[in-house]
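I have placed the structure first, in the form of structure tokens, so that the comments after it can refer back to it.
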Amino acid sequence: MFVLIGVALVIIGFALRINPLLVVTASGIVTALIGGLTPLEILNTFGTGFAGSRSITTFVLVLPVIGLIERYGLQAAAGNLIRRLSGLTAGRLLALYMLIRQATAAIGLQSVAGPAQTVRPLVFPMAEAAEERRRGSAPNEKATETIKGYSASADTVGVFFGEDAFVAIGSILLITSFVDTTYGLTLEPIQLALWAVPVAVMAYLVHGTRLLRLDRRLDRLAGAVPVPQGGAK
């Protein structure tokens, strides 16, 4: 019962907006001490966990690459491309990106895109440029933050509901193994993947509609009527 104090520490730490890494680490140490582990055993557990999941830290290799290509004009090039495409608004662009993200995740290509790889350096600048072209001026700060949030949501929602349609994803294998061992059933991964398809379609219809309505929301945030096509500078 006392080991649950670690959970309380996490809740309190998050409520106080303390650095999540410090909160989780402190909670783990306190829980381990209450559980009877020695400091050496705790250190060994942390080291084993880090070594077992060190592939997670591969993002450290990606960040310098993203920084370099941004320094040499990737975002500006993406914005210039979008400014030449009439009729493509921020909402339509993000709805198209979500469809691509969901389709690639459904065939097991979850890592080809993501917040660090594509959303920040490409998708958000393109959506921002589309809004700038539609309105004829740069969006205000609130509109810019809104576009950022919707850009991230298009990626997150797309991959979350798309990856379940792939039979070799970890979540599908975890569910099938849990059901088989707990309830004595024989559940095939393909069965879950097939049921995930209509869920993914519904998720796209719901969130895709929200993305398409982004342009109206940006109009309200700007407090003005958008500039007609051809009137933009």
Quiz item: Among the residues of segment 144-161, how many are more than 17 Å from residue 197 (Cα to Cα) and surrounded by 21 or more Cβ atoms within 10 Å (Cβ to Cβ)?
Solution: 5
Quiz prompt | Complete set of residues in segment 175-198 that are among the polar types (S, T, N, Q) and surrounded by 14 or more Cβ atoms within 10 Å (Cβ to Cβ) | solution = 176
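I want to confirm something. Restricting to segment 64-92 and keeping residues that are among the hydrophobic types (A, V, I, L, M, F, W, C) and not in a helix (DSSP H, G or I), which single residue is modelled with the lowest pLDDT?
85
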Quiz item: Is it the case that residue 101 is surrounded by 17 or more Cβ atoms within 10 Å (Cβ to Cβ), touching a helix residue (DSSP H, G or I) at 6+ places or on another chain (Cβ under 6 Å) and under 30 Å from residue 190 (Cβ atoms)?
Solution: yes
Quiz item: Taking interchain pairs and intrachain pairs at least six residues apart, which have beta carbon atoms under 7 angstrom, with the first residue in segment 209-224 and in contact (Cβ under 8 Å) with a residue 12 or more places away in the chain and the second open to solvent by 70 Å² or more (accessible area, probe 1.4 Å)?
Solution: 212/92; 221/142
Self-check item: segment 181-202 residues that are of a type in the set (Ser, Thr, Tyr), paired with ones that are open to solvent by less than 100 Å² (accessible area, probe 1.4 Å) (beta carbon under 7 Å, 6 or more apart)
Solution: 186/180
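The values are calculated or read from the model by the stated rules, or taken from the named source; none is laboratory data. For clarity, every value in this text was computed on a predicted model and none was experimentally measured. Cβ atoms come from the backbone with ideal geometry, glycine included; neighbour counts cover every protein chain shown. These accessible areas exclude ligands, DNA and RNA; they are computed on the full protein's heavy atoms, side chains included. Shrake-Rupley method; radii C 1.70, N 1.55, O 1.52, S 1.80 Å.
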